[in-house]
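Worksheet: the structure to be examined is printed underneath.
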Amino acid sequence: MKKQISINWLLKALIFKFLSAFNLISVVNFLSKYVTKRSSLKFDADFYENLSFHNRNISSSNSKNIIEIGAGKSFAQNIFLSSLKIHQTIIDRANLGDFSLINKAAKKFSGNENFSIRSKEDLSKYFSIKYIAPCDLKDLAINKNRFDCFISTNTFEHIPIRQIENIMINLKEILVTGSKLSIIIDYSDHYSHTDQNINKLHFLKYSEKVYNRLFNSNLHYQNRLRHDDFEKIFIENGFKIVHSQATECYERPKKIKAIKRNLKKNDFCTKGFFLLEA
């Protein structure tokens, strides 16, 4: 595994601010792959914990037609889940699929070092994965696509709250009644992933105004919502919570300006698991 470099969080935030101003997503992808190594494949305990959660939820509900948003670049999770004999549709706001990473995942989980995926058609042929990008859930709703399961891993934390609410509305349109939603959310300060000098709750010390003006950006957006905030969003949009668990919790930070309500223990957790029912 390639070693990831450490980069000061403030410097990284300023770089993202600059790149976002000119919508230089291609530069972000280059830096992620070749400089910070954030797009490198990591088959660690966290990866397999996420897989296990989705695998269990898909299998127990006997889901066969899955929809996912924001699956990343390698589709490693999706390639693994294809062993369940399901059809997966992946959509994203931009065409982020990286075939060099996709092939690494395909070789690992197929057990064949000569395995080669060269196109979206190959993804569909060998793994029953349909990748559509750029695409939005509302496009699927308009075309009357229907699915019996939704999965998401470490994506909801990057979406503004109004857009999350729109996503839930669109999911109501494309999911059949009784469908399951298997959702994992990373509540940690993502700048801490490449800067060991700050902790995973560092970004909670800043007010909404200061954080959005100085540190947040379109290409590295973090909504800083907490576990109970997502519970509220899901319930208010008509979904039943079957399972809700906040994990990897820390002590309450001394300074908190991001949360304008009574603080709860879940606010200091950095990972959330949800199983919802439509």
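Of the residues Asn262, Asn212, Asn218, which single one is surrounded by fewer than 19 Cβ atoms within 10 Å (Cβ to Cβ) and either on the phi > 0 side of the Ramachandran plot or at pLDDT below 95 (or both)? If you could, list the steps in order and put the result at the bottom.
Values: Asn262 fails: either on the phi > 0 side of the Ramachandran plot or at pLDDT below 95 (or both); Asn212 fails: either on the phi > 0 side of the Ramachandran plot or at pLDDT below 95 (or both).
Step by step, each of Asn262, Asn212, Asn218 is checked, and only Asn218 is surrounded by fewer than 19 Cβ atoms within 10 Å (Cβ to Cβ) and either on the phi > 0 side of the Ramachandran plot or at pLDDT below 95 (or both).
Applying the selection to the range 233-278, what residues are charged (D, E, K, R) and either outside any loop (DSSP other than H, G, I, E, B) or under 17 Å from the mean Cα position of the chain (by Cα) (or both)? Quick ask: steps written out before the conclusion?
Of all residues in the range 233-278, those charged (D, E, K, R) come to 236, 240, 248, 251-252, 254-255, 257, 260-261, 264-265, 267, 271, 277.
Correct list: Glu236, Lys240, Glu248, Lys265, Asp267, Lys271, Glu277.
Taking only pairs six or more apart or across chains, which ones have beta-carbon atoms under 6 Å, a first residue in the range 104-130 that is closer than 19 Å to Gln88 by Cα and touching a residue at least 60 places away in the same chain (Cβ under 8 Å), and a second residue that is polar (S, T, N, Q) and surrounded by 11 or more Cβ atoms within 10 Å (Cβ to Cβ)?
Ala105/Ser74
Collect the residues in the range 93-107 that are among the basic types (Lys, Arg) and within 22 Å of the chain's Cα centre (by Cα), keeping them in residue-number order.
Listed by number, the residues that qualify are Arg93, Lys104.
Would you tally the residues in the range 79-116 being surrounded by 13 or more Cβ atoms within 10 Å (Cβ to Cβ), in a helix (DSSP H, G or I) and not aliphatic (A, V, I, L, M)?
Of the residues in that region, 9 qualify.
Residue-by-condition table, conditions (1) charged (D, E, K, R); (2) closer than 21 Å to Gln163 by Cα:
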residue: Ser82; (1), (2): no, no
residue: Asn103; (1), (2): no, no
residue: Lys107; (1), (2): yes, no
residue: Arg118; (1), (2): yes, no
residue: Asp136; (1), (2): yes, yes
residue: Arg146; (1), (2): yes, yes
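Check whether at least one residue in the range 159-178 is surrounded by 16 or more Cβ atoms within 10 Å (Cβ to Cβ), of a type in the set (D, E, K, R) and in contact (Cβ under 8 Å) with a residue 12 or more places away in the chain, and report yes or no.
The answer is no; no qualifying residue exists.
The values are calculated or read from the model by the stated rules, or taken from the named source; none is laboratory data. Being a predicted model, the structure only gives us computed values, none of them experimental. Glycine also receives a Cβ, built like all others from the backbone with ideal geometry; neighbour counts cover every protein chain displayed.
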